[in-house]
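Please treat every number below as a calculation from the coordinates, not as lab data. On a predicted model such as this, the values are computed, not experimentally measured, just so you know. Glycine also receives a Cβ, built like all others from the backbone with ideal geometry; neighbour counts cover every protein chain displayed.
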Amino acid sequence: MALRPTLALLLGLSSVLTLSTAVPSDWIEYTPGTCNIVISSPHGGSKRVSEIPDDRTDGCLDGGNVCQWEKDCSPADGSKCRASTFRDSYTQEIAAMVVQHLSETYGCQPHFVRSNVHRSKMDPNREPAEGTQGDPVALEAWKKYHDEFMSSAVAAVRSQWVKGLVFDIHGQTHAEQWTELGYLVSGYRLDNTPSDLASSSIRGLWSRSGADSAATSSLLTGAKSLGSMLEKRGQKVVPGPTYPSPNGGNYFSGGYIVERYGSLASGEVDSIQVEIPREIRFDSARRAAFAADLASSIDEFRKSNGYA
């Protein structure tokens, strides 16, 4: 079945409008869903809004070796307190295609939260001090993403289904050109074959699957892993059967969103960060194919692991 133009279609659907007059309704948007999947797209926005006058800057180390994020602090430490400000190009378009595939092909309309604000102005995938650097308007936009929309989406999933999944969609430019699945398990731990997922963003799923080393292997690289499902569809992915770990290479294990909304602390809503390589994102045919593969893999993953 041919898909209609994705992003324009989804952004035209009914959205939960802003409750705060400080944040225009087209900065942060939420399309409610009808199943237990939440798709988050925090870094695909392109609006360099003038209401947030200054770009985010690198932070400074204090006497306790902790980053402080007052804007334009001095001396800034770009190595230990770097403020990432680059947009993850085409990730919102990919996320929208995934949402549409899941809805139209697999009968699961996900909740879809996205930021249209450029990451240089506000970063939803950081704690508020780093993500907004004290700007009051940026903070209101950050709160809109989290305290209103993401929290509402996850609460709806918990209320109706108890179990659910959050997928946080990102982009990276690593030389390995693989898709990186982040479960809050470091590359070092993956390189050394972790025996448990007790401190991961899929702790709930791991507990339901036996909470042992066999469950760990199955969910990271085995037949029930998202990596295995993407790989059999032709995608290069880590962790997965062919690349069970980054082997010292580049790898993002997950950030603020998967930590906040996954099952690390409690509950049965799990979360996975999806980091898509530049080579896929900047090729229209490849990103369309990837979106279809990710959607079908998500559908298989939820059905194979007891979410559906």
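Express as a percent, rounded to the nearest 5, the fraction of DSSP beta bridges in the range 28-305 (both residues included) that run antiparallel. Bridges in the range 28-305 that DSSP calls antiparallel: roughly 30 percent. In this structure, the amide hydrogen of residue 182, modeled 1.01 Å from its nitrogen in the peptide plane, lies closer than 5 angstrom to those of 273, 274, 275, counting only residues at least 5 positions away or on a different chain. In sequence order, the range 83-97 has phi-based couplings of 8, 6, 10, 7, 6, 8, 4, 6, 6, 5, 5, 5, 4, 5, 5 Hz under the Karplus curve 6.51 cos²θ - 1.76 cosθ + 1.60, θ = phi - 60°, and Gly or Pro positions carry x. The label-point distance for residue 70 and residue 223, in a model that sets each label 7 Å from Cα toward Cβ, rounds to 5.9 nm.
Secondary-structure-derived ellipticity at 222 nm for the chain, considering helices only, amounts to -9000 deg cm²/dmol, per-run term -39500 (n - 2.57) for DSSP H runs with n ≥ 4. Here the chain is described by how far its Cα atoms reach on the three principal axes: 49, 46, 39 Å, from widest to narrowest.
Taking amide H as placed 1.01 Å from N in the peptide plane, the amide H of residue 171 sits under 5 Å from that of 276, each at least 5 places away or on another chain. May I ask you to list the residues of the range 231-261 whose amide nitrogen lies under 13 Å from a point 7 Å from Cα along the Cα→beta-carbon direction of residue 22? The answer is none, because no backbone nitrogen lies closer than 13 Å to the label point.
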